[in-house]
Amino acid sequence: MAPEQNLFCVIAGRSGYRVLVFARETLHALDSAVPGPGHGRRAGRWMARRWRSSGWEPWLLAIAIGTWSEGSTSYAACQDLEFDRAHGLRSVPAAFGVSAALKISRAMHAITIASLMALPLVTPLPWFYLLGVCGVAAMLAYEQSLVHPDNLSQVKRAFDLNGYVGILHC
């Protein structure tokens, strides 16, 4: 990892590390889908080199995927609060508490929906794309309604539902 990534992991803790790993793995998965000559270029390098000419589409999608993933990780990590604190792990719930972690999770999912809603403003998309975004928003809202600071018994159910959000998101 680069020094700035290590610093990010120290500051953000385990959740931040998960975001970096998720982003790295996502970029590796996108490797073959990168347009242009010379297949095999990394998507992140492509985005970094062409950010002025590529438009906002890759950035909005990256924000949507990153915040969706981190929002789910924040509430799922609430189950591990005692373990994280006992072993000095700096997860979002360990650093800020369960109630704040759930608020952060809700904020992240709101950013996810905002990013997905902004995408048709920068690129032409078919009308049914917005139906998909509405479906994702409804599923994320329901997912968030399952988890409460004083009752974490539905976290697994919410996280399982999150898999369907990923399918609909794609």
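The values are calculated or read from the model by the stated rules, or taken from the named source; none is laboratory data. In this text the structure is predicted, and so the values were computed from the model without any measurement. Cβ coordinates were reconstructed from backbone atoms using ideal geometry, including for glycine residues, and neighbour counts include every protein chain displayed. Quick note on the areas: whole protein, heavy atoms, side chains included, nothing else; ligands and nucleic acids left out. Shrake-Rupley method; radii C 1.70, N 1.55, O 1.52, S 1.80 Å.
Descriptive notes on the structure:
- Qualifying residue in region 67-83 (condition: open to solvent by less than 60 Å² (accessible area, probe 1.4 Å) and not in a helix (DSSP H, G or I)): no
- Some residue of region 110-129 being surrounded by 13 or more Cβ atoms within 10 Å (Cβ to Cβ), aromatic (Phe, Trp, Tyr) and over 16 Å from Ala64 (Cβ atoms): no
- For the residues Ala141, Ala118, the requirement of being farther than 19 Å from Ser74 by Cα, modelled with pLDDT of 90 or more and among the small types (Gly, Ala, Ser) singles out Ala118.
- Considering Gly163, Gly132, the condition of being surrounded by fewer than 13 Cβ atoms within 10 Å (Cβ to Cβ) and at negative phi is satisfied by Gly163 alone.
- On inspection, Arg90 qualifies as surrounded by 14 or more Cβ atoms within 10 Å (Cβ to Cβ), among the charged types (D, E, K, R), over 13 Å from the mean Cα position of the chain (by Cα) and outside any helix (DSSP H, G or I).
- When region 121-170 is limited to residues that are under 18 Å from the mean Cα position of the chain (by Cα) and of a type in the set (Phe, Trp, Tyr), the one that is nearest to Ala101 (Cα to Cα) turns out to be Phe159.
- Pick from region 135-160, criterion part of a helix (DSSP H, G or I), open to solvent by 50 Å² or more (accessible area, probe 1.4 Å) and not polar (S, T, N, Q), ranking: farthest from Asp80 (Cα to Cα): Ala138
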